[in-house]
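The values are calculated or read from the model by the stated rules, or taken from the named source; none is laboratory data. Just so you know, these numbers come straight off a predicted model, no measurement behind them. Every residue, glycine as well, gets a Cβ built from its backbone with ideal geometry; the counts of neighbours run over all protein chains shown.
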Amino acid sequence: MNLLRPYLQIIQSISLILLSSFSYGQSDTSFYSKKIIPRFAVHGQKTPSFEVDLFLQNFSVRSSLNGRHKYYQYSSAGFYAGSEFIFQLDKPIYGPKIGAEFSGVGRTSGSAFGLELIAYTDLAKTDFCFTPKIGIPLNAFNIFYAYSIYTSRLLDNQIGRHRISLSLNLNRKATKNAKRIYNGWRSGLKKEL
């Protein structure tokens with residue numbers, strides 16, 4: 001457990017910083033929130049894994065039916081800290097991590113990006129990993145492809161370099177308001193036709 005102590009202290013410090021502020025705002029055509037929410041993910045890679053995080057999410061959604069510019073858009077961005085769990089037959093591997101993620105749907109398309117720093121350990125050896133990722137946003141869900149870059153390659157044969165992930169951000173208030181604004185925008189478009 002002494003090997004994990006520095007990583008747990010870093011995650012604890014980041015969590016305290018993330019607790020600094022919360023806010024909400026809404027109207028008929030917009031909603032924003034900033035709050036800490038749970039975030040879960042499952043990963044398909046050489047050895048499948050799952051993760052549990054705390055995510056400081058900045059979420060916004062807005063729509064417009066004015067003039068030539070009729071649009072619906074949302075974005076989610078923020079930082080997270082948590083851990084990844086890889087269960088193997090011989091030894092489990094833990095991965096305390098910090099990361100940042102952005103996903104959004106604009107007027108014509110959507111995209112999602114992220115970066116993670118992970119300290120994989122099997123309690124005998126530790127391997128740091130930098131993981132950029134790119135994906136497709138689906139409101140509360142994101143689908144990512146990620147490529148892991150290891151510093152010492154001690155554990156990469158057990159974990160793998162390529163990963164497909166499905167993440168879920170549990171912010172019910174944001175999801176409910178995004179649906180409300182989208183439905184209002186769609187009904188407004190139908191009235192114009």
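What about Gly82, is it small (Gly, Ala, Ser), over 17 Å from Ala178 (Cβ atoms) and either surrounded by 13 or more Cβ atoms within 10 Å (Cβ to Cβ) or modelled with pLDDT of 90 or more (or both)? Here the answer is yes, as Gly82 does meet what is asked.
Scanning segment 85-119 for residues that are of a type in the set (A, V, I, L, M), over 16 Å from Ser152 (Cβ atoms), surrounded by 14 or more Cβ atoms within 10 Å (Cβ to Cβ) and over 17 Å from the mean Cα position of the chain (by Cα) turns up just one, Ile86. For segment 123-152, filtered to residues that are hydroxyl-bearing (Ser, Thr, Tyr) and part of a strand (DSSP E or B), the residue that is farthest from Val42 (Cα to Cα) is Thr126. Residues in segment 153-193 that are outside any helix (DSSP H, G or I), more than 17 Å from Ile93 (Cβ to Cβ) and at pLDDT below 80: Leu193 only. Might you let me know whether segment 120-129 holds any residue that is closer than 20 Å to Ala81 by Cβ, within 15 Å of the chain's Cα centre (by Cα) and surrounded by 19 or more Cβ atoms within 10 Å (Cβ to Cβ)? No, the conditions are met nowhere in segment 120-129.
Only one of (1) closer than 30 Å to Ala174 by Cα; (2) of a type in the set (D, E, K, R); (3) touching a helix residue (DSSP H, G or I) at 6+ places or on another chain (Cβ under 9 Å) is not met by Glu116, so which one is it? In the conditions (1) closer than 30 Å to Ala174 by Cα; (2) of a type in the set (D, E, K, R); (3) touching a helix residue (DSSP H, G or I) at 6+ places or on another chain (Cβ under 9 Å), Glu116 misses (3) alone. Where strands (runs of 3 or more DSSP E) fall wholly inside segment 36-110, the ranges with 3 or more residues that are among the hydroxyl-bearing types (Ser, Thr, Tyr) are 49-64, 71-86. Contact annotation: residue pairs with Cβ atoms under 9 Å, 6 or more positions apart or on different chains, pairing a residue in segment 164-175 that is under 24 Å from Lys46 (Cα atoms) with a partner that is acidic (Asp, Glu), are Ser165/Glu51; Ser167/Glu51; Ser167/Asp53; Ser167/Glu101.
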